[in-house]
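Heads up, the thing below is written out as structure tokens.
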Amino acid sequence: MEDERIVDLFLARDENAVRCAAEKYGLRLRALALRIAGEVQTAEECENDAYLAAWNAIPPAEPRDYLYAFLARIVRNLALNRCRDRERLKRAAFVSELSREMEECIPAPDDLESRMDDLALREAINGFLGTLGEEKRNIFLRRYWYLDPVAEIAKRFGISQSKVKTTLFRVRKQLREYLEKEGYTL
Amino acid sequence: MRGNEFLDKMELIDPAYIEAADAAPKEKRTVWTGWRAVVAACLCVVLLAGTAMAVSGAGTWLVGFLSSEENVGTGYELSANIGRFPTSALSENLQAVSEEIIRQFQQLETGVYAGDWGPECWVNRDFSADEAWEFIGLESMQKTPWDLEECFDMLTICGSSTGEIERILIFTGYQMGDIRLQADAEIYTENYTGELRKTMRTIGSDVRFAETFLPTPSGNSCQVISSSVNELGRLDLTGYLVENSVLYQLHISYQEPDAARAEELLRQWADMF
């Protein structure tokens, strides 16, 4: 079923919306949650909670053209929060590692007074991603959006792990420079 | 803002970029190492065997494996050689289904189609397996050796925009402790002209598959595909068998401790043919 029709079902408050979304994207969403949380049970909970969150968010949201990204974003947030909340040490360590890497992108990590609002930050991040080549952009997203391990990214793109690490390092540096140059302070 | 907050803020990334990053990379370099090379070598043998089987008669055969780089999860693809059922042998109930399918296509044209399965399919979840067979006008051919309550049933009848019935699928689910079973029967009518391919996927990038054959008492052969543990910690065991122009499948999902029981269930099922 097309995304647009599934969103129509959500808007019409038809419970088949959840079933159709699950049939179409359930496998991918669960796999995403499993990669982040590292636990089958938690992954299933995140997937189910995501449908409920989508049910509550549509309307007013109408993600007709990006239903998967919409659901995946919810799953990602839920899975990240579960990792932090429940102190799953191994997974929390993985998330901490990613957080440390992300910190390299921030021009002034301690400056809480001058946070960018989400609108400006959205513009900044997407503006920066638009300057990257397709492969670099996708590697960056696989690491920091999908939270893939480096080994899996290397396998996916048919490149060595060291190349992935180098690419990520350079992109993080470029992002920091981009934000500084554009006058953004986080 | 700290790193963990910035990691959360990645949610602000444009959905188009997110979708694009989840698509298969355009150019891939395949590295044939380890078990991949073994699988590739086995596949060559399997393809030859499959070609021979395709020439010799009804059955299913492996045509390839699906890697996680190209698809969601890993899996395999089968081709099948199955006789076509004459629609004249089926119940008059299918005339009403045929009219419903035409109506669904018309609704699609006018933008009011609201079904869940696409206009080409008519789906009924209320029939038991026996009732589904009765509805299509055939004596039940769904052969299951166990006496378990059906967890779910689904009769799907698919046709063209002009109402010609092409495929009939009867799915029945069972649960035995932590073992999940799904028995399927598929019928293709004389109106079906497409190539017959089936795809099976499981979650995980490193799931391996092995193929064996079980002889049945009637002299038929059941193709069995077993998987290694997937990311959900479960294994799959699936039997495929073609008899009297019906493709039967038994899909068993289980955890490692139930491996012997799962194999026994599959053998019991194959022995019914």
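Nothing in this text is a laboratory measurement; each read-out follows from the coordinates by a stated rule. Remember, it's a predicted structure, so these values are computed and weren't measured experimentally. Because the Cβ atoms are built from the backbone with ideal geometry, glycine has one as well, and the counts that use them run over all protein chains shown.
General observations
- Selection from A:Phe169, A:Leu179, A:Ile159, by position along the positive dipole direction of the stretch A:132-186 (Cβ): A:Ile159
- Only one residue of B:Met154, B:Pro119, B:Trp133 has its Cα farthest out toward the positive end of the dipole of the stretch B:81-175, where Lys and Arg carry +1 and Asp and Glu -1 on Cβ, and that residue is B:Pro119.
- Net charge, B:Gly159 excluded, C-beta distance under 11 Å - Lys, Arg +1, Asp, Glu -1: -4
- Counted by Cβ distance under 9 Å from B:Gly177, the other residues give a net charge of -1, where Lys and Arg count +1 and Asp and Glu count -1.
- Nonlocal amide H pairs with B:Met176, under 5 Å, H built at 1.01 Å: B:Leu181
- Take every Cα pair under 8 Å whose residues are at least 6 apart in sequence, average their separation, divide by the length of chain A, and the relative contact order is 21 percent.
- Net charge of Cβ neighbours under 14 Å - reference B:Ile252; Lys, Arg +1; Asp, Glu -1: -3
- Of A:Lys181/B:Lys9; A:Lys163/B:Lys9; A:Lys155/B:Lys9; A:Lys24/A:Lys136; A:Lys165/B:Lys198, pairs whose Cα-Cα distance is over 30 Å: A:Lys165/B:Lys198
- Peptide packing: for B:242-254, A:170-182, the average count of neighbouring Cβ atoms within 10 Å per residue gives the ranking B:242-254, A:170-182, highest mean first.
- Phi-derived couplings, Karplus 6.51 cos²θ - 1.76 cosθ + 1.60 at θ = phi - 60°, listed residue by residue for the stretch A:133-140: x, 4, 5, 4, 4, 5, 5, 4 Hz, with x used for Gly and Pro.
- Using the average count of surrounding beta-carbon atoms within 10 Å as a protection proxy, the listed peptides A:25-35, B:189-199, B:14-24 rank, highest first, as A:25-35, B:14-24, B:189-199.
- Among A:Asp65, A:Asp148, A:Asp117, residue whose mean-square fluctuation peaks in a GNM of chain A (springs only between Cα atoms under 10 Å): A:Asp117
- Mean residue ellipticity at 222 nm, helices only, chain A: -24000 deg cm²/dmol; runs of at least 4 DSSP H residues each add -39,500 (n - 2.57), and the sum is divided by the number of residues.
- Gap separating the Cα centres of the stretch B:162-206 and the stretch A:34-81, nearest whole Å: 28 Å
- Selection among A:Ala69, A:Asn56, A:Asn16 by position relative to the dipole of the stretch A:3-87 gives A:Ala69 as farthest towards the positive end (Cβ unit charges, Cα centre).
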